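In what follows, a structure is listed as structure tokens, so that the remarks can point back to it.
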Amino acid sequence: MTRSERPLDRDASSADTADAAGAADTTGVASAAGPTAVAGTGAANPTAVKAALRSQRIELPSWAFGNSGTRFKVFSQPGVPRDPFEKVADAAQVHRHTGVAPTVSLHIPWDKVADYGKLAAHAESHGMRIGVINSNTFQDDDYKLGSVTHPDPAVRDKAVGHLVECVDVMDATGSADLKLWFADGTNYPGQDDFRSRQDRLAESLSQLYERLGDRQRMLLEYKLFEPAFYHSDVPDWGTSFAHCVRLGEKAKVVVDTGHHAPGTNIEFIVAMLLRAGKLGAFDFNSRFYADDDLMVGSADPFQLFRIMHEVIRGGGLDAASGVNFMLDQCHNIEPKIPAQIRSVMNVQEATAKALLVDWPALSAAQRAGDVLGANAVLMDAFNTDVRPLLAEVREEQGLDADPMAAYARSGYATKIAGERVGGHQAGWGA
Ligand code: RM4
Ligand code: MN
């Protein structure tokens with residue numbers, strides 16, 4: 001059977017019902033009958049696939065536009081923004097050429113400004129909105145032994161104070177989400193007590209949770225290691241999940257794709273979190289070795305496809321799911337704006353392939369125990385060249401079919417290199 005001969009409508013009865021009880025009432029998002037309208041019509045319905053691609057949203061990180069590097073060297077680039085306003089302007093260029101990236105994440109204090117209302121208005125004048133506010137409790141001397149888990153209550157108070165200040169920034173910018181990533185951990189066995197640190201973490205998070213408005217959420221990110229090398233206080237999705245469940249509906253887990261041990265099955269984590277209604281956001285990037293923060297989809301496009309497949313399976317692509325898809329990347333040696341454009345395109349390509357999965361065929365093969373057949377359905381979608389489809393989607397939206405070429409032709413890179421002379425280029429800690 002060719003793609004076009006496959007049934008238009010997904011056969012609901014073909015969906016597995018094994019997880020019905022667990023999924024339906026705990027999530028309110030993931031459907032036990034499998035993917036929602038977006039995916040069910042997959043290969044057989046190009047209109048639905050295109051609609052899903054048009055409505056997909058990918059958030060850009062302000063810090064990707066600043067200078068970055070490793071602990072060995074930060075290489076500067078011409079035209080790099082000197083302040084958050086210029087970072088937002090650069091993000092707007094990415095949106096101009098891709099049409100799916102209208103929000104930009106801020107990092108406080110890197111993006112500290114005197115008037116956040118003014119920054120939000122500036123974003124709006126560029127067709128952008130302020131997205132997630134990312135907190136930073138890792139760059140002060142006080143935080144050497146931790147922030148919200150620090151043994152000294154005064155340091156914990158200071159850290160919670162910063163997080164509350166971030167909620168003030170959310171109020172001023174209209175942002176709905178606060179992202180929490182803690183560098184907290186220890187370097188040596190015996191250095192501090194795991195359980196006391198968990199208690200302090202729980203207490204600090206509760207204080208913050210109380211401060212959230214009705215439409216605001218807190219997103220708790222986990223990371224296996226670095227900067228702490230013996231243990232991290234939020235090393236894995238289980239720890240984040242446990243805290244979020246205890247806190248309540250407004251607390252969700254963040255999956256940063258670079259924050260796992262090599263070989264971790266990230267798509268399984270995605271499935272579990274969506275099933276429980278606890279997936280709040282992605283920090284997308286690629287890694288070869290550790291938390292490399294390279295362009296998403298560059299190290300392992302197949303992994304990204306598998307993740308997007310589970311996202312669609314669990315309803316995470318539907319706007320109502322509230323899952324935020326952000327790029328958390330640094331472009332140390334490549335030009336930053338085109339690197340962000342390329343990253344957005346990589347996410348779109350993985351999404352398009354995942355949308356093309358023939359769900360009725362996959363489900364039938366799975367139920368029949370057809371191991372090779374089921375695998376072939378997935379690989380068939382992954383091996384489809386979706387670039388012509390995405391080019392078509394862009395042209396239908398009045399965009400250039402090739403965002404990279406359009407950006408190169410735009411003259412923006414030359415313009416900012418000429419204009420942004422003097423001042424202090426933004427970078428870590430700026
Ligand atoms: C952390 C984590 C956070 C990001 C910082 C800069 O490793 O990924 O999400 O904000 O880096
Ligand atoms: Mn991250």
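What the table shows:
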{"item": "Conditions (1) within 16 Å of ligand 2 (Cβ to nearest atom); (2) within 15 Å of the chain's Cα centre (by Cα); (3) in a loop (DSSP other than H, G, I, E, B); number of the one not met by residue 281", "result": "(3)"}
{"item": "Residue list for region 164-180, restricted to those being aliphatic (A, V, I, L, M), away from ligand 2 (no atom under 16 Å from the Cβ) and over 13 Å from residue 130 (Cβ atoms)", "result": "164, 167"}
{"item": "From 149, 186, 137, residue being more than 30 Å from residue 93 (Cβ to Cβ), surrounded by 22 or more Cβ atoms within 10 Å (Cβ to Cβ), β-branched (Val, Ile, Thr) and touching an Asp or Glu at 6+ places or on another chain (Cβ under 6 Å)", "result": "149"}
{"item": "Single residue of region 206-252 satisfying the filter (among the acidic types (Asp, Glu) and within 16 Å of ligand 1 (Cβ to nearest atom)) that is nearest to the chain's Cα centre (by Cα)", "result": "221"}
{"item": "Filtered residues of region 47-84 (kept if more than 15 Å from ligand 1 (Cβ to nearest atom) and within 30 Å of residue 353 (Cα to Cα))", "result": "47, 48, 49, 50, 51, 52, 53, 54, 55, 56, 57, 58"}
{"item": "Every pair of residues 6+ apart whose Cβ atoms lie under 6 Å, when the first sits in region 214-233 and is among the acidic types (Asp, Glu) while the second is away from ligand 1 (no atom under 13 Å from the Cβ)", "result": "233/149; 233/197; 233/201"}
{"item": "Some residue of region 278-289 being of a type in the set (Asp, Glu), in contact with a His (Cβ under 9 Å, 6 or more places away or on another chain) and at negative phi", "result": "yes"}
{"item": "Some residue of region 344-356 being within 16 Å of ligand 2 (Cβ to nearest atom) and either of a type outside the set (Phe, Trp, Tyr) or out of contact with any Ser or Thr (no Cβ under 9 Å at 6 or more places or on another chain) (or both)", "result": "yes"}
{"item": "Qualifying positions in region 273-298 - closer than 25 Å to residue 183 by Cα and of a type in the set (A, V, I, L, M, F, W, C)", "result": "273, 279, 281, 282, 284, 288, 290, 294, 295, 296"}
{"item": "So residue 214, is it assigned to a loop (DSSP other than H, G, I, E, B) and either over 24 Å from residue 171 (Cα atoms) or out of contact with any strand residue (DSSP E or B) (no Cβ under 9 Å at 6 or more places or on another chain) (or both)", "result": "yes"}
{"item": "Single match in 159, 176, 120 (criterion: more than 30 Å from residue 94 (Cα to Cα), small (Gly, Ala, Ser) and modelled with pLDDT of 95 or more)", "result": "159"}
{"item": "Region 226-260, subset among the aromatic types (Phe, Trp, Tyr) and part of a loop (DSSP other than H, G, I, E, B), residue nearest to ligand 2 (Cβ to nearest atom)", "result": "229"}
{"item": "Close pairs from region 286-303: first in a helix (DSSP H, G or I), partner buried (at least 16 other Cβ atoms within 10 Å of the Cβ) and among the hydrophobic types (A, V, I, L, M, F, W, C), Cβ under 7 Å, at least 6 apart", "result": "301/350; 302/382; 303/266"}
{"item": "Boolean, residue 223 is within 16 Å of ligand 2 (Cβ to nearest atom), among the basic types (Lys, Arg) and not in a loop (DSSP other than H, G, I, E, B)", "result": "no"}
{"item": "Pair list, Cβ under 6 Å, 6 or more apart: region 402-414 residue of a type in the set (Ser, Thr, Tyr), other residue surrounded by 14 or more Cβ atoms within 10 Å (Cβ to Cβ) and not in a loop (DSSP other than H, G, I, E, B)", "result": "407/97; 407/338; 407/341; 412/93"}
{"item": "Residue within region 52-69 that is surrounded by fewer than 20 Cβ atoms within 10 Å (Cβ to Cβ), in contact with a strand residue (DSSP E or B) (Cβ under 8 Å, 6 or more places away or on another chain), at pLDDT 50 or above and more than 26 Å from residue 383 (Cα to Cα) present", "result": "yes"}
{"item": "Test: residue in region 157-164 that is touching a Lys or Arg at 6+ places or on another chain (Cβ under 7 Å) and either surrounded by fewer than 21 Cβ atoms within 10 Å (Cβ to Cβ) or over 27 Å from residue 104 (Cβ atoms) (or both)", "result": "yes"}
{"item": "Complete set of residues in region 321-343 that are within 16 Å of ligand 2 (Cβ to nearest atom) and within 21 Å of residue 311 (Cα to Cα)", "result": "323, 324, 325, 326, 327, 328, 329, 343"}
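Let's see how each residue does on (1) of a type in the set (A, V, I, L, M, F, W, C); (2) modelled with pLDDT of 95 or more; (3) crowded, with 23+ Cβ neighbours inside 10 Å; (4) in contact with a helix residue (DSSP H, G or I) (Cβ under 7 Å, 6 or more places away or on another chain):
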{"residue": "334", "(1), (2), (3), (4)": "no, yes, no, no"}
{"residue": "338", "(1), (2), (3), (4)": "no, yes, no, yes"}
{"residue": "343", "(1), (2), (3), (4)": "no, yes, yes, no"}
{"residue": "352", "(1), (2), (3), (4)": "yes, yes, yes, yes"}
{"residue": "355", "(1), (2), (3), (4)": "yes, yes, yes, yes"}
{"residue": "368", "(1), (2), (3), (4)": "yes, yes, no, no"}
{"residue": "377", "(1), (2), (3), (4)": "yes, yes, no, yes"}
{"residue": "391", "(1), (2), (3), (4)": "yes, yes, no, no"}
{"residue": "400", "(1), (2), (3), (4)": "no, yes, no, yes"}
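The values are calculated or read from the model by the stated rules, or taken from the named source; none is laboratory data. For clarity, every value in this text was computed on a predicted model and none was experimentally measured. Cβ atoms come from the backbone with ideal geometry, glycine included; neighbour counts cover every protein chain shown.
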